[in-house]
Each structure stands twice: as C-alpha cells, then as structure tokens.
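Below is one structure, written out as structure tokens; comments come after it.
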Amino acid sequence: MYDRNVRVSHLLMKEISSMIIFGEIKDPRIHNITITKVEVSKDLSNAKVYFKVGENIDYKEVEKGFKRASNFIKNTLFKRLSLKKPINLKFFYDNSDKYIEKIDEIIEKLHEK
C-alpha cells in the first residue's frame, strides 16, 4: 500500500468510528460496533471497511444498516476530508476472531497427538 493509501485508510477509520460513536449515523442497527480495518484502492476510489460487533448483535443486520447508510457516510467523508472525489464504501464483517479460534483448535489437536 502507498503512504497516501495508508493515510487515507487511517483517516476513514477514524472518521467512520467517530460517526458511529457520536450517533451521526441514525440507523438503529449501527451501534456497539468497532471498525477494525479499512483498505483503500490505489486510486482512492474504493474502500473496504471491516467491522466487529458486540455480543448478541447480528452482523447481517449491521451490514444492512451500513448498506442503507453508505451514501450518507460517503458524502460526509467527502466533505470532511476534502477529497477530490467520493470514495465508494463496502462494509464487511471481520470474522478474523473465528479464523484465529479455528487455527488455535487445530494447533491444540496437533499437540495432543
């Protein structure tokens, strides 16, 4: 990733998190969420935003909420960050914890043998 991409990724992560924390996104499905990572394309036209949810929250409902709010988030970021053009956002559930748990289970089974 280029330095510019890294800087924009960090800015997007900070701003989207701030929008969630301060209740700027009015969709009730978007709460108790942590933005874990943002990946921005080389030309800064697209971004993948990864999130985790709190306990007892259906991540599929959160994805629906983000899909509904994505234009608002995109336009708000465009204005706040003084970007040359709006960045298309796609939101994904970050299931890395489940992946790590699976790897830990496999390692434990190997040690038991």
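Taking residues in region 92-108 that are free of Cβ contacts under 8 Å to residues at least 40 places away in the same chain, and partners anywhere that are in a helix (DSSP H, G or I), the pairs with Cβ atoms closer than 9 Å and at least 6 places apart or on different chains are 95/59.
Taking helices (runs of 4 or more DSSP H) as the structural unit, those lying wholly within the chain and holding at least 1 residues that are crowded, with 16+ Cβ neighbours inside 10 Å correspond to 3-21, 59-80.
For first residues located in region 16-37 and touching a residue at least 12 places away in the same chain (Cβ under 8 Å), partners that are part of a loop (DSSP other than H, G, I, E, B) and lie 6+ apart or on another chain with Cβ distances below 6 Å form the pairs 19/25; 32/54; 32/57; 36/94.
From the set of residues in region 1-18 that are within 11 Å of residue 42 (Cα to Cα) and of a type outside the set (Ser, Thr, Tyr), which is modelled with the highest pLDDT? Step by step, filter region 1-18, then rank; the result is 8.
Looking at 73, 35, just one residue is farther than 16 Å from residue 94 by Cα, touching a helix residue (DSSP H, G or I) at 6+ places or on another chain (Cβ under 8 Å) and among the aliphatic types (A, V, I, L, M), and that residue is 73.
Quick one: which of 87, 30 is closer than 16 Å to residue 19 by Cβ and under 13 Å from the mean Cα position of the chain (by Cα)? The unique qualifying residue is 30.
The values are calculated or read from the model by the stated rules, or taken from the named source; none is laboratory data. Worth saying up front: this structure is predicted, and the values here are computed from it rather than measured. Every residue, glycine as well, gets a Cβ built from its backbone with ideal geometry; the counts of neighbours run over all protein chains shown.
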